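The structure's right below; bear with me while I get my questions together.
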């Protein structure tokens, strides 16, 4: 069965074309969401893989940490689901590249064909409580300014004093929003869409919570694996930094399937990665 690649992109479209070319295999279907803030849609081509863009009317204006990130994933799940079924749905960014050829990738996922794959992220219980159980206002225009953060923390403090927990029936689980999940998992998420929207509308960075949390809460017997071998990325605080040529050896040694973030500013690194995967296809 084919794999579906769900790509969320807003810039670095030369890298996006390299990604699409690396995924251009008749066993794949590619679905791309271009941020609504982008006015000129890039022209991308495939020779073997199906290629679909989210229609203009459905494109989302994505804001960091905001519910719009969850909306975007559901737009992609809904579009891809119409063309399915697929054995796996891979949610990746437009500045991601595979580190393995398609034969190897399909072989790896065929071995654990009922597993939901996540990238673990370190966290404190208080962080999950704040992001998942509190009403996080102002996320659409989130600011790291001192005044904005003071206002936000005061709001959180008041909610704690009043004992407000808007999702008290959930034990939140956190993972990167870049996931590889099965057809059955996508079916379940789409069935639960309205419930998820209601529960996660005022979360902070809810895109890192809703899939692992909802699968965990469903009382279904999902097999979930949390592994850094799904995605290689180097973190700078809460964000992944751009990879450089100096990261190549560690990237290859990681045995990861995908890596991010790539940039045209490091074109030599991009060439080396593409050469590597062409040799393993």
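Identify all residues within segment 192-228 that are under 19 Å from residue 93 (Cα atoms) and surrounded by 15 or more Cβ atoms within 10 Å (Cβ to Cβ); write none if there are none.
205, 206, 207, 208, 209, 210, 211, 212, 226
Could I ask something else about it? Taking the options 10, 66, name whichever one is in the same structural domain as residue 105 (by TED's automatic domain parsing), at pLDDT below 95 and crowded, with 16+ Cβ neighbours inside 10 Å.
After ruling out the rest, the residue left standing is 66.
Being buried (at least 18 other Cβ atoms within 10 Å of the Cβ), in the same structural domain as residue 94 (by TED's automatic domain parsing), outside any strand (DSSP E or B) and modelled with pLDDT of 95 or more is true for just one of 60, 30. Which residue is that?
60 is the lone residue from the list that is buried (at least 18 other Cβ atoms within 10 Å of the Cβ), in the same structural domain as residue 94 (by TED's automatic domain parsing), outside any strand (DSSP E or B) and modelled with pLDDT of 95 or more.
Follow-up question, since we're still on this one. Among the candidates 38, 91, single out the residue that is surrounded by fewer than 21 Cβ atoms within 10 Å (Cβ to Cβ) and either at pLDDT 95 or above or assigned to a loop (DSSP other than H, G, I, E, B) (or both).
None of the other options fit; the residue is 38.
So which helices (runs of 4 or more DSSP H) stay within segment 101-193 end to end and still have 2 or more residues that are closer than 18 Å to residue 208 by Cα, within 21 Å of the chain's Cα centre (by Cα) and without any contact (Cβ under 8 Å) to a residue 60 or more places away in the chain?
none
Can you go through 18, 47 and tell me which one is assigned to a loop (DSSP other than H, G, I, E, B), surrounded by fewer than 22 Cβ atoms within 10 Å (Cβ to Cβ) and modelled with pLDDT of 95 or more?
Step by step, each of 18, 47 is checked, and only 47 is assigned to a loop (DSSP other than H, G, I, E, B), surrounded by fewer than 22 Cβ atoms within 10 Å (Cβ to Cβ) and modelled with pLDDT of 95 or more.
If you don't mind, there's one more thing I want to ask. Given the conditions (1) over 22 Å from residue 33 (Cβ atoms); (2) assigned to a helix (DSSP H, G or I); (3) without any contact (Cβ under 8 Å) to a residue 24 or more places away in the chain, report the number of the one that residue 82 does not fulfil.
The number of the failed condition is (1).
In the set 165, 157, which member is touching a helix residue (DSSP H, G or I) at 6+ places or on another chain (Cβ under 8 Å) and modelled with pLDDT under 95?
165
Could you tell me which of the residues 214, 249 is part of a helix (DSSP H, G or I), without any contact (Cβ under 8 Å) to a residue 60 or more places away in the chain and closer than 28 Å to residue 77 by Cβ?
Answer to the selection: 214.
The values are calculated or read from the model by the stated rules, or taken from the named source; none is laboratory data. Values in this document were obtained by computation on a predicted structure and should not be read as measured data. Cβ coordinates were reconstructed from backbone atoms using ideal geometry, including for glycine residues, and neighbour counts include every protein chain displayed.
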